[in-house]
1. Which one of GLY34, GLY51, GLY80 is touching a Ser or Thr at 6+ places or on another chain (Cβ under 6 Å), within 19 Å of GLU100 (Cα to Cα), surrounded by fewer than 16 Cβ atoms within 10 Å (Cβ to Cβ) and not charged (D, E, K, R)?
2. Yes or no: the range 115-130 includes at least one residue that is within 21 Å of LEU58 (Cα to Cα) and exposed (fewer than 13 other Cβ atoms within 10 Å of the Cβ).
3. Between PRO66, PRO126, which is modelled with pLDDT of 95 or more and more than 22 Å from ARG26 (Cα to Cα)?
4. Does the range 98-114 include one or more residues that are more than 30 Å from LEU12 (Cβ to Cβ), part of a loop (DSSP other than H, G, I, E, B), among the polar types (S, T, N, Q) and touching a residue at least 24 places away in the same chain (Cβ under 8 Å)?
5. Got a sec? Which of LEU121, LEU12 is closer than 21 Å to GLY143 by Cβ and at pLDDT 95 or above?
6. Consider the range 78-100. How many of its residues are of a type in the set (D, E, K, R) and over 21 Å from LEU41 (Cβ atoms)?
7. Please determine whether any residue of the range 45-64 is in contact (Cβ under 8 Å) with a residue 60 or more places away in the chain and not small (Gly, Ala, Ser).
Amino acid sequence: MVRVPKIAGAQLAAALRDSITRLNRRLRQARPIGDLTITQLSALTSLELHGALTPRELAEAERVQPPTLTKIVAKLEDRGLVQRSPHPTDGRQVILAATETGRAVVAEHRRARDEWLAKQLMALTPEERSVLAQAAEILGRIGRSA
């Protein structure tokens, strides 16, 4: 049986934040080597997850300023990973969407990270994996809350 230490709220928050940060850093390192930056991959992933967005919507989702996003999108467009199309109701705007190639790049990055994490999980005991399954569900709820 896995022993879970009792930790006060603020300590638990700090411990979770630190652990999630370290895991996220390691997952980023597990991604395929290529010339996409983390920021470019994040923007491409947002388009893949949310579907077509205006540049402003994408900038808000990525929490970057519009001029920064313009540079990111230009590089993704140059590589054929993102396409622009006219906005259906506002001629002054465009819609950005991941191309089929862009979606394949996101899928490959996901696959590599999932493969690395699955390998790490297999080194754990069944009880530890059970605890992590419960934690994943709880963290998912926290992430969905406002």
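1. Result: GLY80 is the single residue among GLY34, GLY51, GLY80 that is touching a Ser or Thr at 6+ places or on another chain (Cβ under 6 Å), within 19 Å of GLU100 (Cα to Cα), surrounded by fewer than 16 Cβ atoms within 10 Å (Cβ to Cβ) and not charged (D, E, K, R).
2. Keep residues of the range 115-130 that are within 21 Å of LEU58 (Cα to Cα), which gives none.
No, there is no match, as no residue in the range 115-130 is within 21 Å of LEU58 (Cα to Cα) and exposed (fewer than 13 other Cβ atoms within 10 Å of the Cβ).
3. Unique residue meeting the criteria: PRO126.
4. The initial filter retains those residues of the range 98-114 that are more than 30 Å from LEU12 (Cβ to Cβ), namely 98-109, 111-112.
Now narrow it down to the ones that are part of a loop (DSSP other than H, G, I, E, B): 99.
Filter once more, so that each one left must be among the polar types (S, T, N, Q): 99.
Now narrow it down to the ones that are touching a residue at least 24 places away in the same chain (Cβ under 8 Å): none.
No, the range 98-114 contains no residue that is more than 30 Å from LEU12 (Cβ to Cβ), part of a loop (DSSP other than H, G, I, E, B), among the polar types (S, T, N, Q) and touching a residue at least 24 places away in the same chain (Cβ under 8 Å).
5. Testing whether each residue is closer than 21 Å to GLY143 by Cβ and at pLDDT 95 or above leaves just LEU121.
6. Just the residues of the range 78-100 that are of a type in the set (D, E, K, R), to begin with: 78-79, 84, 90, 92, 100.
Filter again for over 21 Å from LEU41 (Cβ atoms), leaving 90, 92.
Residues that pass the stated criteria total 2.
7. Within the range 45-64 (the criterion being in contact (Cβ under 8 Å) with a residue 60 or more places away in the chain and not small (Gly, Ala, Ser)), the answer is yes, since at least one residue qualifies.
The values are calculated or read from the model by the stated rules, or taken from the named source; none is laboratory data. Being a predicted model, the structure only gives us computed values, none of them experimental. With ideal geometry, Cβ positions are generated from the backbone for all residues, glycine too; neighbour counts draw on all protein chains shown.
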